[in-house]
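The values are calculated or read from the model by the stated rules, or taken from the named source; none is laboratory data. The shown structure was predicted, so the numbers you read here are calculated from the model rather than taken from an experiment. Every residue, glycine as well, gets a Cβ built from its backbone with ideal geometry; the counts of neighbours run over all protein chains shown. To get the accessible areas, we keep the full protein, side chains included, count just its heavy atoms, and leave off ligands, DNA and RNA. Shrake-Rupley method; radii C 1.70, N 1.55, O 1.52, S 1.80 Å.
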Amino acid sequence: MAELPQDLDEAIAQSRTATQAALDDGHSRLQVELVFPEIDLQAISIAELFAADFEARYGDRFKILFPDAGAAALAKHRWGEKPYEIRGISELKAQIQPDEQAFLMIAPSSVEVGPVEKFCEEASDRPVVMVNPRLEDVATIGIGYAGRQLRERFLSTLLSCYYLRPFEGGALRRSYPGPWEVWLETESGYEKVAEESQKPVGDALDQIIGRVQGAETEGSPAPGPTKRKGFLSGLQEFLRALSQ
């Protein structure tokens, strides 16, 4: 199993590999989540890399969808002429065509969750891959009955083929077909301390971290090599360099 990536390049490479593996296994509703500060500033650059994978796999028989026509126009301007369609999800021309085999959605938010759900229904068994979706915003979809229905009806059908979220002192990762992994920073780098079949969030993640840190305190491990630069700080530096 791959190690924890040390920069955004490695994270994107892992996510692309995991996405292709999930597609190979027949999964058709996928999401890639790179949960980093300022990651949305790089959405078009990241989308271009995934588009290259789609073009190699589907030729020109796929469509890329951005949250709005403005973002789609910016991508067209940066990428130049492409053989596949690039649209905003609400554009009339974004409607599914019979010869299209797959769809790549870039950073859809909870504002677009209705059109996204409808689009996925119309796509039927054709693959829809969402890169950095932000569909589950409590402020938008709510926490009541309607919100629960949306989660059960649609959001729960999305498979996280790649997920990476750094947190203070560690990271949570899932790379298909592997399990969810909890990594913690040590004196010598990062160590995988837990594997889970379901995504550990909130109290479940806190309990894993607390259990591991409690065991380390009891065992009093010997000091290791000099502590290297943190994963999150390294990624932030990389993102800043990209945006300059």
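Quick notes on this one:
- Close amide H pairs (under 5 Å, H built 1.01 Å from N) link residue 186 with 191, residues at least 5 positions away or on another chain.
- Surface composition of the stretch 164-216: carbon and sulfur atoms hold 43% of the protein heavy-atom accessible area at a 1.4 Å probe.
- Applied to the stretch 35-50, the Karplus parametrisation 6.51 cos²θ - 1.76 cosθ + 1.60 on θ = phi - 60° returns per-residue 3J(HN,Hα) values of 8, 10, x, 6, 5, 5, 5, 9, 4, 5, 5, 5, 4, 5, 5, 5 Hz, with x for Gly and Pro.
- From phi via Karplus (6.51, -1.76, 1.60), per-residue ³J(HN,Hα) for the stretch 75-82 in Hz, x at Gly/Pro: 4, 4, 5, 6, 8, x, 5, 10
- Under 5 Å between amide hydrogens, built in the peptide plane, is the criterion, and for residue 194 it picks out 182 among residues at least 5 positions away or on other chains.
- Accessible area of residue 112 (1.4 Å probe, protein heavy atoms only, ligands and nucleic acids ignored): about 30 Å².
- Scalar couplings 3J(HN,Hα) for the stretch 188-201, obtained by applying the Karplus form with A = 6.51, B = -1.76, C = 1.60 to θ = phi - 60°, are 9, x, 10, 10, 6, 10, 7, 10, 10, 6, 10, 5, x, 10 Hz; x denotes Gly and Pro.
- Sequence-distant residues sharing a close amide H with residue 109 (under 5 Å, placed H): 134
- Here's the list of aspartates and glutamates a cross-link from residue 76 could span, going by alpha-carbon distance under 14 Å and ignoring same-chain residues fewer than 8 apart: 48, 68, 85.
- Calculated on alpha-carbon atoms, Rg and Dmax of the stretch 1-95 in Å: 14.1, 43
- Most tightly packed first, judged by the mean number of other beta-carbon atoms within 10 Å of their residues, the peptides 90-101, 153-164, 115-126 read 153-164, 115-126, 90-101.
- Averaged per residue, the stretch 1-93 has 47 square angstrom of accessible surface, using a 1.4 angstrom probe with ligands and nucleic acids left out.
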